[in-house]
Amino acid sequence: MSNITPQKELALIVPILKGKVKDVEQLAASLSSSKSEEYGKSQMGLGIEKESWFLASSVQGDYVIVYIASNDVSKSMSKLISSKEPFDLWIKNEVGKITGVDWNNPPSMALPKQILRYGP
């Protein structure tokens, strides 16, 4: 049995392709409205308790910062990547068009390490 405590929170900074800021805003709006029921079911199935998106701009370009809370974010992300559920495939495709990342087969990387947390 492992003594490693699963990471419960995650923040990802993902570059947005040039000219795609409106697309990410429209996707976020649809997840909050017309797609909210499917989105909620997907999140529950992935074990995601909370997710927030933030837009950020810098001289290098535009980014979406994604905050996720889960009992085990690594497990939740693995479930999303391997999911063949129609909604999950749809959202991975939509996010891929905005970021240029194939979310069915993302580049290998370690999840960001949380180094500070305040609050309950």
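Only the coordinates and a few stated rules stand behind these numbers; no lab work does. Model, not experiment: these values are computed from the prediction. Don't worry about glycine lacking a Cβ; one is built from the backbone with ideal geometry, like all the others, and counts go over all protein chains shown.
Observations on the structure shown:
- Rg in Å to one decimal, and Dmax rounded to a whole Å, for segment 49-120 via C-alpha atoms: 13.7, 37
- Computed extension gain for GLU51 through LEU17, at 0.36 nm per residue and net of the alpha carbon distance, reaches 10.1 nm.
- HN-Hα J in Hz across segment 107-113 - Karplus 6.51, -1.76, 1.60, θ = phi - 60°, x for Gly and Pro: x, 5, 7, 7, 5, x, 8
- Residues of segment 62-79 with amide N under 17 Å of a point placed 7 Å along Cα→Cβ from GLU25: 62-65
- Seen from a random direction on average, the alpha-carbon convex hull of segment 2-66 projects onto 5.9 square nanometres.
- Near the amide H of ASP72, within less than 5 Å, lie no amide hydrogens of residues on another chain or at least 5 residues away, with H placed in the peptide plane.
- For the chain, adding -39500 (n - 2.57) for each run of n ≥ 4 DSSP H residues and dividing by the number of residues yields -12000 deg cm²/dmol at 222 nm.
- Extending 7 Å from Cα along the Cβ direction at ASN104 and again at LYS75 yields two label points whose distance is 2.6 nm.
- Kirkwood Rh, Cα atoms: Rg over Rh of the chain: 0.96
- In the chain, lysine pairs closer than 17 Å at Cα, eight or more apart or cross-chain: 22
- Neighbour counts of other Cβ atoms within 10 Å put THR5, THR99 in the fewest-to-most order THR5, THR99.
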